[in-house]
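**Q** Mind having a look at this structure? Questions to follow.
The values are calculated or read from the model by the stated rules, or taken from the named source; none is laboratory data. Everything numeric here is computed off the predicted structure, so don't read it as measured data. Reconstructed Cβ throughout: ideal geometry from the backbone, glycine too, with neighbour counts over all protein chains shown.
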Amino acid sequence: MFIDTHIHLDEFKDLEEVLDRARGVGVDGFICVGYDVQSSKFSYSLSIQYNDIYAILGIHPHSASEVTNEFLNWICNVKDNRKILGIGEIGLDYYRNLSPKEIQLEAFEKQLSLAQELKLPVSLHIRDGYKDAFNILKKYKVNGVFHCYSGGLHFLEEALSLDFFIGFDGPVTFHNARELIEVVRRCPLDRILLETDAPYLAPEPYRGRRNEPAYLIYIAEKIAEIKGIDLEELSKITIENTKICFPRYAT
Ligand SMILES: [Zn+2]
């Protein structure tokens, strides 16, 4: 059994089939992550509709201007629902820079302070902004996960020292993933979360095509291989990690 801890289910028109295929290979928990107002509301409604779907609500740096008081108030209104596991995906993306830097920084801090106030963990999207992200994170009492970790060996110690989990996705299966494989090797087992980020970032052998939660197994197999453990042990550890990172998952 595995939990896909980061997925965007609003992107699937054939949702029922996609979920069934995943359940069929042992993926039986889905954490659906919002990235703008519409997808956050959709994640929330799915979490109410399905037993095995959970929601994370927030605004991605690409859509940073959507962080309005109205949106933050909406989260405060629904915050007590146990299926809402955290705030995300939030962060900084200086690689694609689809929003101006100042707006990204402001949106990130507003959502971090909401997470701190609500005592909810965060799912972070950071690309090329690790230095700024660490400086900002030190100001808040928040935990969570570096989703699709891309900080390389350089930032791994610092990410771990903040007590964050490290999310690994399809890229660990890519043939040119030498540094990322070293990151997995050095990341303690009790800090690893498995995610697909589907429909994006499909692992080998589906690289370049639409990703789906059933493919989480390929990511799990690769990580088990790197760590020299069997799938059953990885399953046990990563389910436990998910419950520690997102305490509401355990309740
Ligand atoms: Zn994502």
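**Q** Starting from residues that are over 14 Å from the mean Cα position of the chain (by Cα) and within 13 Å of the ligand (Cβ to nearest atom), keep the ones in the range 1-21 and report whichever is modelled with the lowest pLDDT.
**A** Let us first name the residues in the range 1-21 that are over 14 Å from the mean Cα position of the chain (by Cα), namely 1-2, 10-21.
Those still in the list that are within 13 Å of the ligand (Cβ to nearest atom) too: 10-11.
Details: ASP10: 95, GLU11: 92.
Out of the qualifying residues, it is GLU11.
**Q** If you don't mind, another one. I need every pair where a residue in the range 110-123 that is free of Cβ contacts under 8 Å to residues at least 24 places away in the same chain and assigned to a strand (DSSP E or B) has its Cβ under 8 Å from the Cβ of a residue that is aromatic (Phe, Trp, Tyr) and more than 16 Å from the ligand (Cβ to nearest atom), sequence separation at least 6 or different chains.
**A** none
**Q** Among the residues of the range 139-187, which ones are of a type in the set (S, T, N, Q) and modelled with pLDDT under 95?
**A** First, the residues of the range 139-187 that are of a type in the set (S, T, N, Q): 143, 150, 161, 173, 176.
Of everything in the range 139-187, just one residue is of a type in the set (S, T, N, Q) and modelled with pLDDT under 95, namely ASN176.
**Q** Where the second residue is polar (S, T, N, Q) and within 16 Å of the ligand (Cβ to nearest atom) and the first is touching a residue at least 40 places away in the same chain (Cβ under 8 Å) and in a helix (DSSP H, G or I) and lies in the range 197-223, which pairs have Cβ atoms under 8 Å and are six or more apart or on separate chains?
**A** Correct list of pairs: PRO213/THR196; TYR215/THR196; LEU216/THR196; ILE219/THR196.
**Q** Take the range 22-39 and flag every residue that is touching a residue at least 40 places away in the same chain (Cβ under 8 Å), within 13 Å of the ligand (Cβ to nearest atom) and not in a strand (DSSP E or B).
**A** Scanning the range 22-39 gives GLY34, TYR35.
**Q** Do you know which residues across the range 114-154 are of a type in the set (S, T, N, Q) and surrounded by 15 or more Cβ atoms within 10 Å (Cβ to Cβ)? Write out each step before concluding.
**A** Taking the range 114-154 and keeping what is of a type in the set (S, T, N, Q), we get 116, 123, 135, 143, 150.
GLN116, SER123, ASN143, SER150 - these are the residues of the range 114-154 that are of a type in the set (S, T, N, Q) and surrounded by 15 or more Cβ atoms within 10 Å (Cβ to Cβ).
**Q** Still on this model: Please go through the range 26-52 and give me each residue that is under 14 Å from the mean Cα position of the chain (by Cα) and under 16 Å from LYS243 (Cα atoms), ordered by number.
**A** Here is the first cut: in the range 26-52, the residues under 14 Å from the mean Cα position of the chain (by Cα) are 29-35, 40, 43.
Matches in the range 26-52: GLY29, PHE30, ILE31, CYS32.
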